[in-house]
Amino acid sequence: MFGPIIEPMYGNYNCECLIVIFTSCYRSQDCTVKVWETTQGKLIRELKGHRHWVNSLALSTEYVIRTGAFDHTRKQYSSPEEMKMAAFERYNKMKGNAPERLVSGSDDFTMFLWEPSVSKHPKTRMTGHQQLVNHVYFSLDGQWIASASFDKSVKLWNGITGMFVAAFRGHVGPVYQICWSADSRLLLSGSKDSTLKVWDVRTQKLKQDLPGHEDEVFAVDWSPDGEKVASGGRDRVLKLWMG
């Protein structure tokens, strides 16, 4: 019924100018995450540990890789070279001296935290969800990991160690997707229960409930300036929410 779906994550491997892709094959039988070198399409590492298919991957530097030179300041650049330099500086600042971290979430109810440039073995195994892990996402500063599950909860983890921090409960249906605000202080979740919820990381409590969709909410995203949230659902409606 379902074919393989590749979920790519792009990273800078071993602090060199080598671009790699991390992939998981949704509903595949090997339960692995693969690391590929892009210039020749060469497999350079396999990450094994999950006992069921891998649903979601997130990289600690994902946000700065995705946004490049652009941030909430809306700075304008005079040339592509200046823009490239700014993007590289943002990446290096985000990464620091530590290796990039990768988190994977699986139908086996678990997550793994990896440092793929250092080892093929997981840094830690993250347990606590009672049903499949549907989505995982690093906070934009890399300090937190959030996970969404069919057990109707969102969980918060330390983004460096993988230690469990808190559980956010309030949805009455499976949670499909999560997204962070640009300042990493708020977390947005979308659920089968047709609502979006905004969670405060500092207080570890529900900050705002956003009803409005008439059916399941499949996708959520937060604008880089932090002012707008977008959501899409089974009701075939795309909603834009203002902060």
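A search for C-beta distances below 6 Å between a residue of the range 181-194 that is open to solvent by 10 Å² or more (accessible area, probe 1.4 Å) and any residue that is among the β-branched types (Val, Ile, Thr), counting only pairs 6+ apart in sequence or on different chains, returns ARG185/VAL201; LEU186/VAL198; ASP193/VAL172. Highlighted here are the strands (runs of 3 or more DSSP E) found entirely within the range 55-165 that include at least 3 residues which are open to solvent by less than 10 Å² (accessible area, probe 1.4 Å): 102-106, 111-114, 133-138, 144-149, 153-158. Among the residues making up the range 42-68, those that are within 20 Å of the chain's Cα centre (by Cα) and hydrophobic (A, V, I, L, M, F, W, C) are LEU47, TRP53, VAL54, LEU57, ALA58, LEU59, VAL64, ILE65.
If you go through the range 179-200 and keep only what is more than 17 Å from GLY243 (Cα to Cα) and touching a strand residue (DSSP E or B) at 6+ places or on another chain (Cβ under 7 Å), you end up with SER191, LYS192, SER194.
The values are calculated or read from the model by the stated rules, or taken from the named source; none is laboratory data. No experiment lies behind these values; they were computed from the predicted model shown. Cβ atoms come from the backbone with ideal geometry, glycine included; neighbour counts cover every protein chain shown. These area figures cover heavy atoms from the full protein model, side chains too; ligands, DNA and RNA do not enter into them. Shrake-Rupley method; radii C 1.70, N 1.55, O 1.52, S 1.80 Å.
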